[in-house]
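J.: Sharing a structure below in structure tokens format, with a few things to ask.
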Amino acid sequence: MEMGRIRLTGETLNLKELEQIAVHRAPVEIGEESWSRVRMARELIFTLDKRGVAVYGLNRGVGWNKDKKVFSQFYDRYNRNLLRSHMIGVDPECTEEEVRAMLAVRLNGFLCGHTGVSAEIVEYYVEFLNRGIHPVVKKRGSVGEADIGTLSGIGLVIIGEGEAWYRGERMTGGEALAAAGLEPLLLGPKDGLGVVSSNAQGAAFASLGLIEARQFIERYRRVFCLALEGLNGVLDPMDPSVNRERRFGGQIESSKSCLEILKGSYLFDPSEDRALQDPLSFRGQSAVTGAVMDALAYAEGQLEKELNSTDDNPCLLPEEDRMCGSSNFEPLSWVLAVEMVSTGLAHMSKMICQQLLRIGDPGFTKLNRFLTPEEGAVIAYGTIQKTFSCLDAENRMYANPCSLDFLSMAGHIEDLATNATMASCNMRKIIDNLYYIAAIELMHAAQAVDLRKPPSLGEETRKLFEAYRKVVPFLCEDRNLSCDIEKTYEFLKEYNTSK
């Protein structure tokens with residue numbers, strides 16, 4: 001059964017819909033009102049050209065060549081050369097999911113009606129998404145001030161050049177078009193610039209990263225709660241009244257969610273063996289995770305503005321019968337939000353690592369050191385600390401802001417940048433590392449629960465524990481822990497929290 005179509009309007013695209021298009025391959029459709037805006041912007045392009053108005057990317061060059069004339073008889077040649085000369089990215093290549101997100105973001109930007117590309121260009125973005133034509137796009141080569149050095153990979157396929165994936169096979173752009181029953185397009189005024197001059201790659205990566213961050217937090221909460229049961233920890237910091245008085249929305253939501261996960265747990269019963277207060281890494285979990293949730297909410301708001309507005313230069317204004325030069329391609333408003341999320345995720349990384357150090361310490365758990373089932377015979381988790389320490393150090397590096405690191409380029413015309421794509425990639429690298437660190441915590445949490453043998457687990461933690469033990473058994477003898485880490489990582493990335 002075909003998944004429901006996502007209607008793109010240039011005004012209403014949200015992260016959930018983008019996930020459906022990019023990850024689950026939902027088809028897209030465009031309403032007549034949106035098509036009307038595309039046609040009006042295109043008509044204005046030709047009107048301005050007839051008036052002899054100098055237009056960047058139309059009858060004038062781009063970048064340092066902004067003072068060079070482009071004559072109408074050379075429009076197709078010039079636009080082809082623009083795409084070819086801007087194909088400057090380097091490996092690795094984007095995944096098909098990432099390319100689909102980029103196509104959807106740029107397509108929605110066209111529908112705002114301020115770009116001026118031909119309706120045929122817009123239609124090919126729709127066709128690429130719905131027919132599964134995925135151009136080969138390099139991941140690196142953008143400085144985050146419009147992704148002109150990487151989005152050209154999409155434009156080349158539109159004209160029958162470059163490479164694309166189609167039905168599981170890699171082929172030339174021309175072969176992909178022919179296999180899908182399409183023909184290469186001739187390019188008109190501003191078509192080349194319209195394809196490449198956008199932050200679609202950075203915005204797509206950032207959007208996917210925010211989606212992944214929320215998914216990670218939902219899974220991590222369950223791991224944390226199981227670890228708290230392995231620790232015989234204290235529930236007081238999750239008290240609704242305490243968190244209500246603090247007033248931070250993310251903290252309130254996080255503590256509430258953990259209490260729901262732990263519903264039915266033995267931790268709700270008093271225990272003489274339980275500490276008065278846990279270490280801050282356990283006690284402050286809801287506050288730290290909640291802070292990240294607050295940062296995510298802000299970043300999502302900024303990204304959804306980006307997804308539903310123009311980032312074109314020049315900005316065509318059909319309703320005012322004019323165009324205007326702009327810096328609408330400046331993405332700093334959401335890049336700063338992404339870097340804030342990265343900082344928050346790095347704090348989570350440090351917190352989880354501290355939890356791991358505590359749960360392997362008999363001074364806190366009253367269990368055997370490193371959760372060994374047999375002291376003096378089985379080493380258990382005595383050396384695994386090196387792995388999560390290494391990953392946490394990487395996360396600290398990736399959280400370091402990169403939006404300030406740029407050069408003055410193009411004859412000093414382009415003397416600002418944000419590294420938006422790099423910032424978004426760094427956020428996603430942190431999330432992937434966090435899955436490994438949380439996987440190691442799940443290994444510890446399950447081992448601690450097996451050793452402690454509590455009378456009851458929470459409703460959700462029990463589901464997690466039972467499902468996990470079908471994948472990785474109790475550590476009764478030392479074995480290759482790299483295999484356990486990888487199995488746990490894969491298990492956690494696929495764990496369905498909605499069941």
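J.: Filter the range 135-164 for residues that are out of contact with any Pro (no Cβ under 6 Å at 6 or more places or on another chain) and closer than 16 Å to Val122 by Cα and give the result.
T.: Within the range 135-164, Pro135, Leu151, Ser152, Gly155, Leu156, Ile158 qualify.
J.: Take the conditions of a type in the set (A, V, I, L, M, F, W, C), open to solvent by 20 Å² or more (accessible area, probe 1.4 Å) and without any contact (Cβ under 8 Å) to a residue 60 or more places away in the chain and apply them to Leu404. Does it pass?
T.: Numbers: of a type in the set (A, V, I, L, M, F, W, C): yes; open to solvent by 20 Å² or more (accessible area, probe 1.4 Å): yes; without any contact (Cβ under 8 Å) to a residue 60 or more places away in the chain: yes.
So Leu404 fits the description; yes.
J.: Considering only helices (runs of 4 or more DSSP H) fully contained in the range 380-497, which possess at least 1 residues that are more than 30 Å from Pro270 (Cα to Cα) and within 22 Å of the chain's Cα centre (by Cα)? Can you show your working first?
T.: Values: elements: 385-398, 420-452, 459-469, 481-494.
Where helices (runs of 4 or more DSSP H) fall fully within the range 380-497 and carry at least 1 residues being more than 30 Å from Pro270 (Cα to Cα) and within 22 Å of the chain's Cα centre (by Cα), they are 385-398, 420-452, 481-494.
J.: Oh, and also: Need the failing condition index for Asn59 against (1) more than 25 Å from Pro135 (Cβ to Cβ); (2) at pLDDT 95 or above; (3) open to solvent by less than 20 Å² (accessible area, probe 1.4 Å), just the number.
T.: Result: Asn59 passes all but (2).
J.: Got a number for residues in the range 106-147 being hydrophobic (A, V, I, L, M, F, W, C) and under 20 Å from the mean Cα position of the chain (by Cα)?
T.: Residues in the range 106-147 being hydrophobic (A, V, I, L, M, F, W, C) and under 20 Å from the mean Cα position of the chain (by Cα): 6 in total.
J.: Would the range 106-114 turn up any residue that is in contact with a strand residue (DSSP E or B) (Cβ under 8 Å, 6 or more places away or on another chain) and assigned to a helix (DSSP H, G or I)? Before you say what the answer is, go through the steps one by one.
T.: Going through the range 106-114, the residues in contact with a strand residue (DSSP E or B) (Cβ under 8 Å, 6 or more places away or on another chain) turn out to be 107-108, 111, 113-114.
Those left that are additionally assigned to a helix (DSSP H, G or I): 107-108.
Checked against the condition, which is being in contact with a strand residue (DSSP E or B) (Cβ under 8 Å, 6 or more places away or on another chain) and assigned to a helix (DSSP H, G or I), the range 106-114 yields at least one hit.
J.: Oh, and also: Restricting attention to the range 350-379, which residues are more than 11 Å from Leu231 (Cβ to Cβ), among the aliphatic types (A, V, I, L, M) and in a loop (DSSP other than H, G, I, E, B)?
T.: If the condition is that a residue be more than 11 Å from Leu231 (Cβ to Cβ), among the aliphatic types (A, V, I, L, M) and in a loop (DSSP other than H, G, I, E, B), then Ala377, Val378, Ile379 are the ones that fit.
J.: Additional query: Which of the residues belonging to the range 331-387 are of a type in the set (A, V, I, L, M, F, W, C), in contact (Cβ under 8 Å) with a residue 60 or more places away in the chain and open to solvent by 60 Å² or more (accessible area, probe 1.4 Å)?
T.: Selection gives Leu332, Leu336, Phe364, Ile379.
J.: Being within 27 Å of Met40 (Cα to Cα), touching an Asp or Glu at 6+ places or on another chain (Cβ under 7 Å) and modelled with pLDDT of 95 or more is the filter here, so list the residues in the range 118-147 that pass it.
T.: Across the range 118-147, the qualifying residues are Ser118, Ile121.
J.: Which pairs do you get when a residue that is over 15 Å from Thr372 (Cβ atoms), found in the range 457-484, comes within reach of a residue that is open to solvent by 80 Å² or more (accessible area, probe 1.4 Å) and in a helix (DSSP H, G or I), reach meaning Cβ atoms under 6 angstrom, with the pair 6+ apart or on two chains?
T.: Between residues of the range 457-484 that are over 15 Å from Thr372 (Cβ atoms) and residues that are open to solvent by 80 Å² or more (accessible area, probe 1.4 Å) and in a helix (DSSP H, G or I), the close pairs are Val471/Lys487; Val472/Lys487.
J.: Test Lys263 against the stated conditions and say whether it is open to solvent by 60 Å² or more (accessible area, probe 1.4 Å), in a loop (DSSP other than H, G, I, E, B) and within 24 Å of Tyr495 (Cα to Cα).
T.: Judged against the criteria, Lys263 is a match.
J.: Give the residues of the range 299-330 that are open to solvent by 40 Å² or more (accessible area, probe 1.4 Å), in contact (Cβ under 8 Å) with a residue 40 or more places away in the chain and under 26 Å from the mean Cα position of the chain (by Cα), sorted by residue number.
T.: Glu304, Ser309, Phe329, Glu330
J.: If you take the residues in the range 196-230 that are open to solvent by 10 Å² or more (accessible area, probe 1.4 Å) and touching a helix residue (DSSP H, G or I) at 6+ places or on another chain (Cβ under 6 Å), which one is farthest from Ala448 (Cα to Cα)?
T.: The qualifying residue farthest from Ala448 (Cα to Cα) is Ile211.
J.: Would you call Glu2 modelled with pLDDT under 85 and farther than 19 Å from Lys190 by Cα?
T.: Numbers: modelled with pLDDT under 85: yes; farther than 19 Å from Lys190 by Cα: yes.
When the stated conditions are applied, Glu2 passes them.
J.: When you scan the range 427-443, how many residues do you find that are within 19 Å of Pro473 (Cα to Cα) and surrounded by fewer than 21 Cβ atoms within 10 Å (Cβ to Cβ)? Walk me through it before giving the result.
T.: Step one: list which residues in the range 427-443 are within 19 Å of Pro473 (Cα to Cα), which gives 436-443.
When the remaining residues are screened for being surrounded by fewer than 21 Cβ atoms within 10 Å (Cβ to Cβ), the result is 436.
Adding up the residues that qualify gives 1.
J.: Quick one: count up the residues across the range 21-38 that are under 22 Å from the mean Cα position of the chain (by Cα) and closer than 29 Å to Cys315 by Cβ. Step through it out loud before you land on a result.
T.: So in the range 21-38, the residues under 22 Å from the mean Cα position of the chain (by Cα) come out as 21-28.
Now restrict to residues that are closer than 29 Å to Cys315 by Cβ: 21-22, 28.
Here the count works out to 3.
J.: Right, here's the next one. Tell me the residue from Leu210, Leu193, Leu187, Leu182 that is of a type outside the set (D, E, K, R) and within 16 Å of Glu306 (Cα to Cα), please.
T.: On the way: Leu193 fails: within 16 Å of Glu306 (Cα to Cα); Leu187 fails: within 16 Å of Glu306 (Cα to Cα); Leu182 fails: within 16 Å of Glu306 (Cα to Cα).
That would be Leu210, the only listed residue that is of a type outside the set (D, E, K, R) and within 16 Å of Glu306 (Cα to Cα).
J.: If you don't mind, there's one more thing I want to ask. Tell me which residues, restricted to the range 388-431, are in contact with a Phe, Trp or Tyr (Cβ under 8 Å, 6 or more places away or on another chain), under 26 Å from Ile485 (Cβ atoms) and among the aliphatic types (A, V, I, L, M).
T.: Passing the criteria: Leu391, Met427, Ile430, Ile431.
J.: Among (1) farther than 25 Å from Ala41 by Cβ; (2) in contact with a strand residue (DSSP E or B) (Cβ under 7 Å, 6 or more places away or on another chain), there is one condition Ala213 misses while meeting the rest; what is its number?
T.: (2)
J.: Within the range 408-425, can you find the residues that are open to solvent by 20 Å² or more (accessible area, probe 1.4 Å), of a type outside the set (Asp, Glu) and in contact (Cβ under 8 Å) with a residue 12 or more places away in the chain? Spell out how you get there, then give the answer.
T.: Of the range 408-425, the ones open to solvent by 20 Å² or more (accessible area, probe 1.4 Å) are 408-416, 422, 425.
When the remaining residues are screened for being of a type outside the set (Asp, Glu), the result is 408-413, 416, 422, 425.
Listed by number, the residues that qualify are Met409, Ala410, Gly411, Ile413, Leu416, Met422, Cys425.
J.: Counting only residues that are in a helix (DSSP H, G or I) and of a type in the set (D, E, K, R), which one in the range 81-105 is nearest to the chain's Cα centre (by Cα)?
T.: Initially, the range 81-105 is screened for residues in a helix (DSSP H, G or I), giving 81-85, 96-105.
Okay, now just the ones that are also of a type in the set (D, E, K, R), so 84, 96-98, 100.
Working: Arg84: 28, Glu96: 14, Glu97: 11, Glu98: 9, Arg100: 13 Å.
So, considering only residues that are in a helix (DSSP H, G or I) and of a type in the set (D, E, K, R), the one nearest to the chain's Cα centre (by Cα) is Glu98.
J.: Just checking, how many residues over the range 139-184 are basic (Lys, Arg) and either at positive phi or open to solvent by less than 40 Å² (accessible area, probe 1.4 Å) (or both)? Show your work before the answer.
T.: Going residue by residue through the range 139-184, those that are basic (Lys, Arg) are 139-140, 167, 170.
From the residues that got through so far, the ones that are either at positive phi or open to solvent by less than 40 Å² (accessible area, probe 1.4 Å) (or both) too are 167.
Count: 1.
J.: Name the residues in the range 444-475 that are over 22 Å from Glu490 (Cβ atoms), touching a helix residue (DSSP H, G or I) at 6+ places or on another chain (Cβ under 9 Å) and open to solvent by 10 Å² or more (accessible area, probe 1.4 Å), would you? Walk me through it before giving the result.
T.: Residues of the range 444-475 that are over 22 Å from Glu490 (Cβ atoms), as a first pass: 451-459.
Next, from what is left, pick out any that are touching a helix residue (DSSP H, G or I) at 6+ places or on another chain (Cβ under 9 Å): 451-452, 454-459.
Within the range 444-475, Leu451, Arg452, Pro454, Pro455, Ser456, Leu457, Glu459 meet the criteria.
The values are calculated or read from the model by the stated rules, or taken from the named source; none is laboratory data. For clarity, every value in this text was computed on a predicted model and none was experimentally measured. Using ideal geometry, Cβ is built from the backbone for each residue, glycine included, and neighbour counts are taken over all protein chains shown. These accessible areas exclude ligands, DNA and RNA; they are computed on the full protein's heavy atoms, side chains included. Shrake-Rupley method; radii C 1.70, N 1.55, O 1.52, S 1.80 Å.
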